[in-house]
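*Asks:* Before I ask anything, let me first share the structure, which is written out below as structure tokens.
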Amino acid sequence: MTRFRDAHPIIYVADVEASLGFYRDLLGFVETYRFGDFVSLSLGESAVSVARVGDGEVGSHGLPVGVSRSAQSFELCVYADDVDAAIAELRAAGVAVLVEPADQPWGERMAYVADPDGHPVMICR
């Protein structure tokens, strides 16, 4: 049986540089690879890639891809030591806060912000 090793999401975005301004410059991801409008980033042991696409394009898999904001089918969870301080820093940088920090019944404190393409990003501890 094949043993799978690693996985990471690819986020379709309208503007790679705006996304890098959010993920790299505000959240602290490190750019590890770039080929055209495809950039891989790492944070600790986690990885994510951003790829510029336009609505109606077809991906390498042959299926349509896009960045339509009509429905969300993706969200990213980023852990932080202090959710309240993280949200304050992101808000000061002009990031839209979707949900203010709140303690959850399962023990985490979490909040949501939006990346430049409107994808929800959970900030939690």
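*Asks:* Say whether the condition of being within 12 Å of residue 117 (Cβ to Cβ), modelled with pLDDT of 95 or more and out of contact with any Gly (no Cβ under 6 Å at 6 or more places or on another chain) is met by at least one residue in region 23-43.
*Replies:* Checked against the condition, which is being within 12 Å of residue 117 (Cβ to Cβ), modelled with pLDDT of 95 or more and out of contact with any Gly (no Cβ under 6 Å at 6 or more places or on another chain), region 23-43 yields at least one hit.
*Asks:* Looking for something assigned to a helix (DSSP H, G or I), among the small types (Gly, Ala, Ser), open to solvent by 70 Å² or more (accessible area, probe 1.4 Å) and without any contact (Cβ under 8 Å) to a residue 24 or more places away in the chain - is there at least one such residue anywhere in region 82-104?
*Replies:* Yes: region 82-104 contains one or more residues that are assigned to a helix (DSSP H, G or I), among the small types (Gly, Ala, Ser), open to solvent by 70 Å² or more (accessible area, probe 1.4 Å) and without any contact (Cβ under 8 Å) to a residue 24 or more places away in the chain.
*Asks:* So, one more: Can you say whether residue 64 is in contact with a Ser or Thr (Cβ under 9 Å, 6 or more places away or on another chain) and modelled with pLDDT under 95, as far as the supplied structure shows?
*Replies:* no
*Asks:* Can you name the number of the only condition in (1) open to solvent by less than 40 Å² (accessible area, probe 1.4 Å); (2) out of contact with any helix residue (DSSP H, G or I) (no Cβ under 6 Å at 6 or more places or on another chain) that residue 123 fails?
*Replies:* Going through (1) open to solvent by less than 40 Å² (accessible area, probe 1.4 Å); (2) out of contact with any helix residue (DSSP H, G or I) (no Cβ under 6 Å at 6 or more places or on another chain) one by one, residue 123 breaks only (2).
*Asks:* Of the residues that make up region 50-61, is at least one closer than 30 Å to residue 5 by Cα, open to solvent by 40 Å² or more (accessible area, probe 1.4 Å), basic (Lys, Arg) and outside any helix (DSSP H, G or I)?
*Replies:* Taking region 50-61 first, the residues closer than 30 Å to residue 5 by Cα are 50-53, 57-61.
Subsequent filtering for residues that are open to solvent by 40 Å² or more (accessible area, probe 1.4 Å) retains 52, 57-58, 60-61.
From what is left, the residues that are basic (Lys, Arg) are 52.
In the following step, the residues that additionally are outside any helix (DSSP H, G or I) were identified as 52.
Yes - at least one qualifying residue is present in region 50-61.
*Asks:* Looking at region 1-48, which of its residues are among the β-branched types (Val, Ile, Thr) and either touching a residue at least 12 places away in the same chain (Cβ under 8 Å) or in a helix (DSSP H, G or I) (or both)?
*Replies:* Answer for region 1-48, where residues must be among the β-branched types (Val, Ile, Thr) and either touching a residue at least 12 places away in the same chain (Cβ under 8 Å) or in a helix (DSSP H, G or I) (or both): 10, 11, 13, 16, 30, 32, 39, 48.
*Asks:* Got a sec? Which of 58, 78 is closer than 27 Å to residue 110 by Cβ and of a type in the set (A, V, I, L, M)?
*Replies:* Just one listed residue meets the conditions, 78.
*Asks:* To continue, here is another question. Report yes if some residue within region 105-123 is in contact with a Gly (Cβ under 8 Å, 6 or more places away or on another chain), under 18 Å from residue 13 (Cα atoms), part of a loop (DSSP other than H, G, I, E, B) and touching a residue at least 12 places away in the same chain (Cβ under 8 Å); otherwise report no.
*Replies:* So far as region 105-123 goes, yes, one or more of its residues are in contact with a Gly (Cβ under 8 Å, 6 or more places away or on another chain), under 18 Å from residue 13 (Cα atoms), part of a loop (DSSP other than H, G, I, E, B) and touching a residue at least 12 places away in the same chain (Cβ under 8 Å).
*Asks:* For residue 65, which of the numbered conditions (1) loosely packed, with under 13 Cβ neighbours inside 10 Å; (2) more than 16 Å from the chain's Cα centre (by Cα); (3) touching a residue at least 24 places away in the same chain (Cβ under 8 Å) fails to hold?
*Replies:* (1)
The values are calculated or read from the model by the stated rules, or taken from the named source; none is laboratory data. Just so you know, these numbers come straight off a predicted model, no measurement behind them. Reconstructed Cβ throughout: ideal geometry from the backbone, glycine too, with neighbour counts over all protein chains shown. Only protein heavy atoms, including side chains, enter the accessible area calculation; ligands, DNA and RNA are left aside. Shrake-Rupley method; radii C 1.70, N 1.55, O 1.52, S 1.80 Å.
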